[in-house]
Amino acid sequence: MPLLGSGRFDPVLSNFQTPSAALNDLFPSSRFTSGSGLSVSIPGGVNPAAVNNQPVVSLFGLGSYRTPQSQQWSLSLQREIWHNMVVDISYAGNVTKNLPVQWFFNQPTFSPVAVNPQSLDPAANPWLRRPFANFTIGSNIVANVLTSNYNAGTVKVDKRFSEGYSFLSTYTWSKSIDQGAEVFTTGSNHAFLPNNLDFNQNRGVSVFDVPHRWVTSGIVELPFGKGKRFLNSGGRRDKLFGGFRLSGVFTLQSGLPFTPYSLNLRTNTGISIVERGDLVGEPYLTGEEWDQAVRAWETQGVPLPFVRRAAINTNYAPGTGGNLGRNVFRAPYGRSLNLSLAKVTQLGESTRLELRVDMFNVTREVLHATNWALSVRGPAILTSPDLGTIQGRNTFFVPHVVQLGAKLTF
């Protein structure tokens, strides 16, 4: 049967001399590629009797693309507790629906029997267990069908600039929960659901969930130079020692979540299903074990395990995806420190020169980087001995980043 959909549009790179499309033909038909969208045929490799000897529809890459909807609310209480110092306590929350996902809407039910598309036994042939007989088991659409919610409490202390210094310190406790909300693989979350017939089986904390986060920033003028406590006689001393200003930002936060998984191990559906295994023991190392593992990671270049490989059993019951939920593990906490030192010199009544040096990642965090979950060996390697590990310390190049700047104001 011929392709019924219009296919995929592949735009070409363009410039001012050779535009990719004209205003009267924004989507040239020559740029559509067939082979995607919708087709009708008798599936190959499948016993024809399993589809009643009739062609079936295959859908992929299409969707309704409804706009997600979000309801948000917040409550805040502020009070001045000291001169130029304010405490702000607030709560914020939201509920979102119509989030997108690549939905295999005709997924067969799970079975403990290995897949055999030639069999006429429904336990063995997933084509006999699909919900809609007129569609293929791999038919999928981009559907806005998932939900999420977020709640956060924040305490903020704000000291406005006076007496030569200011600071802002904010602590946030939060929790973000969703059913997936990804069309593409993100971090250790896969676009495919563990059960397309029950969205709540994928319900868990979001890939970006950070329960605890403390950020403090500040600026202080050093007490040297004209009008300050030390070396305040003016003249050359002020030009040499006055006008120094130190500022910085420090961040401390919970580690990001991750989930080891694999595809198509024991659910026997004939399509890509996320499976996560069974938790059979304590997943995290004890304090002494962790210290030994970190030393070996730093000195011997061996991988560092964030979870015990033996705690995850891949020999779980056939016809299931395991009892582990989504994003149940976390990488170590993250921290970062950025500093800046500036020198402002007054050159005249309306002219001044500012020299500054900025240093990012002052402490050169490796183990406690804020984005470790993206480096954890977990996605798609549930059966690997490297599951839940990161590469040896010698494989990471984490330099200081120093930036120099000058600004003349007149």
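Only the coordinates and a few stated rules stand behind these numbers; no lab work does. Every value quoted in this text rests on a predicted model; they were computed, and no experiment measured them. Positions of Cβ are generated from backbone atoms using ideal geometry, with glycine treated the same way; all protein chains shown enter the neighbour counts.
Starting from 0.36 nm per residue, how many nanometres of slack lie between residue 328 and residue 83 once their C-alpha separation is accounted for?
Here the answer is 83.7 nm.
So if I take the centroid of the Cα atoms in the range 82-124 and the same for the range 311-361, what is the distance between those two points in Å?
Using only Cα atoms to place each centre, the spacing works out to 27 Å.
Calculate how steeply helix 287-299 sits against the longest principal axis of the alpha-carbon atoms of the chain, using the helix alpha-carbon long axis, and give the answer as 0 to 90 degrees to the nearest 10.
Computed tilt is about 80 degrees.
Put +1 on the Cβ of every Lys and Arg and -1 on every Asp and Glu Cβ in the chain; which of 58, 217, 269 then has its Cα farthest towards the positive end of the dipole?
Working it through, the farthest residue towards the positive pole turns out to be 217.
For the chain, set up a Gaussian network in which alpha carbons nearer than 10 Å are linked by springs, and say which option among 84, 140, 195 fluctuates the most.
Top of the fluctuation ranking is 84.
GNM, the chain, Cα, under 10 Å: largest mean-square fluctuation among 270, 348, 93?
Largest GNM mean-square fluctuation: 348.
Per DSSP H run of n ≥ 4, the term is -39500 (n - 2.57); total these for the chain, divide by its residue number, and report the mean residue ellipticity at 222 nm rounded to 500 deg cm²/dmol.
Theoretical 222 nm ellipticity from helices: -1500 deg cm²/dmol.
Report the extension gain between residue 133 and residue 403 in nm, rounded to one decimal, defined as 0.36 nm multiplied by the number of residues separating them, less their alpha carbon distance.
Difference between extended and current length: 90.9 nm.
Would you mind checking the pairs 159/226; 226/407; 156/407; 159/343 and listing those with alpha carbons more than 30 angstrom apart?
Table pairs above 30 Å Cα-Cα are 156/407.
Let's test the formula: R0 of 25 Å, r as the Cβ-Cβ distance of residue 162 and residue 368. What FRET efficiency results, to the nearest 0.05?
So, using R0 = 25 Å, E works out to roughly 0.15.
Give the residues of the range 124-157 whose amide nitrogen is closer than 17 Å to a point set 7 Å from the Cα of residue 95 in the direction of its Cβ.
Those under the cut-off are 145-152.
Roughly speaking, what % of Cα-Cα pairs in the chain are separated by over 42 Å, rounded to a whole number?
Considering the chain, 38 percent of its Cα-Cα pairs are separated by more than 42 Å.
Choose one of 404, 355, 320: the residue whose Cα lies farthest towards the positive end of the charge dipole of the range 286-410 (beta-carbon charges +1 Lys, Arg; -1 Asp, Glu; about the Cα centre).
The residue sitting most towards the positive pole is 320.
For the chain, set up a Gaussian network in which alpha carbons nearer than 10 Å are linked by springs, and say which option among 125, 264, 53 fluctuates the most.
Taking springs between Cα atoms under 10 Å, the residue moving most is 53.
Give the residue list of chymotrypsin sites (Phe, Trp or Tyr not before Pro) in the range 310-400 that are DSSP loop and have at most 10 other beta-carbon atoms within 10 angstrom.
Filter output for the range 310-400: 397.
So which lysines pass the test for residue 97, namely a Cα distance under 26 Å, with those fewer than 8 places away in the same chain ruled out?
175
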